[in-house]
Amino acid sequence: MHGIRMFETGFSDGVPGVTQCPIAKNDTYTYEFTATQYGTTWYHSHYSLQYTDGLLGPLTIYGPASVVDYDDALEPLMLADRIHQGAFGRWTWVTVENHNPPIPMDTILINDHGSAAGKFQNLRYRTKKVTKGKKYLLRLINASTDTAFIFSIDQHKMTVIGTDLVPITPYLKDTLYIGIGQRYHVIVEADAIDECRNYWIRTQPATGCHNFNFEPNERQGIFVYNEDNHDDPISTPYVPPYNGDCRDEEHKVLRPVVEWQVPPPTPDQLRKVQSPWMVLKQDNFTMPPEEGHDGTNDPKWSAWQIHDDPAWVNYKDLTINHLNGSHTWPANAALFEIRRNESNWAYMVIDGAHQPKESGTPLGEKTVPAAHPMHLHGHDFALLKQSYTKLDDKLFDGNHTADLQKFIETELEYNNPARRDVVLLPKGGYIVIAFKVDNPGAWLLHCHIA
């Protein structure tokens, strides 16, 4: 259940090896939680490549919104990328059979509808009929594996009223950046001049945040006024800002209706959780030995490294079973231990720019510069800063406390900052987040590229 806080029900968070064992074949598991949030999210498998192959779906929890002045709601729109031969088949071909990575995606889907390479044009997604003069709620979900989208409806503007599971002060947009795992509520008024025509729904991959072998057709949906018109629309697209480069919506306009005032951290609080998130590609990583498998004949795996080791969980010994404070964690647990403090807040600086370099190792063979949609389970977080430029890492070397204090006082946003559960860690940049220490448990913080 993506983005659901799971207050006092961490065992239903759905992460194998962390909060539960994987569900065995022909077995069932019932997830129980209290719906304390409202808005649109989705559920998906956290096991292997299953969500890439479609083990997912939308979830709406009804409640207050910042705008209620609309006439109807369209069904949730799940925007996704797709591998035609299936994720497991493509992964085996690339990784086990030693073809060249990375693993490419093939096409774009809206609610499992789409065309590819000019074929199957009649399979594009079509909304139900809309009526001129009425306003419609759209619930947008980026359920892709490896693609950030720029969403738009030709010649129609959107009033954005919610992000992730947080109602926000409305603002107007013609194109909307939606990172992997993010959700938006928008209201669209059917105000077309010519209601005999239909209009393209566009899902443009953001430059630098997709992995298609060729440029896919972004026109995968049709906003339908005239159900009898099956011709391709001839509507005019909007031009996205920033040349369509990979980024988030400007966080300064994402103002929650229910306000938070975040207390500034002390230098010790910020330094305590700051860590270089070393995103490395380990060409010769082998699986840890276990019963019936010693790892000696493994192919060359790739693993993303956080701290000094790739994260590894034991499906037979769940993380959630060791929350009494006395457990000794191995290095590959990649664990942050956070305890309640006087302010009851935790603060993290996540640095995507300062990666270790090894002499003689070409860029891309081990260190992979990339943007990462970072998702925190069990909490909403306040986004105190999102920077597309490099962090001055000397602030955290222990010798520049005065400079760090100035950074805390002048660079971070505390007055009702943007609040969500997925944020883009920009390539070469950094983010600073804060969250309330009010939900004990074992909670995953991870990149949502699947």
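Summing charges over neighbours of Phe212, with a neighbour being any other residue whose Cβ is under 14 Å away from its Cβ, gives -3 when K and R count +1 and D and E count -1. For the range 181-191, putting each phi into the Karplus relation 6.51 cos²θ - 1.76 cosθ + 1.60 with θ = phi - 60° gives couplings of x, 7, 9, 9, 9, 9, 10, 10, 8, 7, 10 Hz, in residue order, rounded to whole numbers and with x for Gly and Pro. Could you work out the relative contact order of the chain? I mean the mean sequence separation of Cα pairs under 8 Å and 6+ apart, divided by the number of residues, in percent. Reported relative contact order: 17 percent.
Peptides 44-53, 427-436 ranked from most to least packed by the mean count of surrounding Cβ atoms within 10 Å: 427-436, 44-53. The listed peptides 375-381, 36-42, 66-72, 125-131, ordered by packing as a protection proxy, come out as 375-381, 36-42, 125-131, 66-72 (highest mean of other Cβ atoms within 10 Å first).
Please work out the Cα center distance from the range 248-270 to the range 1-29, rounded to the nearest Å. Comparing the Cα centres of the range 248-270 and the range 1-29, I get a distance of 29 Å. Count Lys and Arg as plus one, Asp and Glu as minus one, and take only other residues whose Cβ is under 10 Å from that of Asn416; the net charge is then 0. Phi-derived couplings, Karplus 6.51 cos²θ - 1.76 cosθ + 1.60 at θ = phi - 60°, listed residue by residue for the range 153-170: 10, 3, 6, 9, 8, 10, 9, 7, 10, x, 9, 6, 10, 10, x, 10, 5, x Hz, with x used for Gly and Pro. Shown for Cys21, Cys246, Cys196: other C-beta atoms within 10 Å of each C-beta, ranked fewest to most, produce the order Cys196, Cys21, Cys246. Each distinct pair of alpha carbons in the range 65-253 adds a 1/r term; the inverse of their mean, the Kirkwood radius, is 17.3 Å. The alpha carbon radius of gyration of the chain, expressed as a multiple of 2.2 N^0.38 Å, is 1.00.
To the nearest 10 degrees, how steeply does helix 401-410 sit against the main Cα axis of the chain, on a 0 to 90 scale? So the helix axis and the longest Cα principal axis differ by about 20 degrees.
For the chain, taking a cut-off of 4.7 Å between Cβ atoms, the unpaired cysteines are Cys21, Cys196, Cys447. Counted over the chain, the DSSP beta bridges are approximately 85% antiparallel. Once you reduce the range 382-443 and the range 45-118 to the center of their Cα atoms, the two points are 30 Å from each other.
Each value in this text was obtained by applying a stated rule to the coordinates, not by laboratory testing. As the structure is a computational prediction, the values presented were derived from the model and not from experiment. Neighbour counts are summed over all protein chains in view; Cβ atoms, including those assigned to glycine, are modelled from backbone coordinates with ideal geometry.
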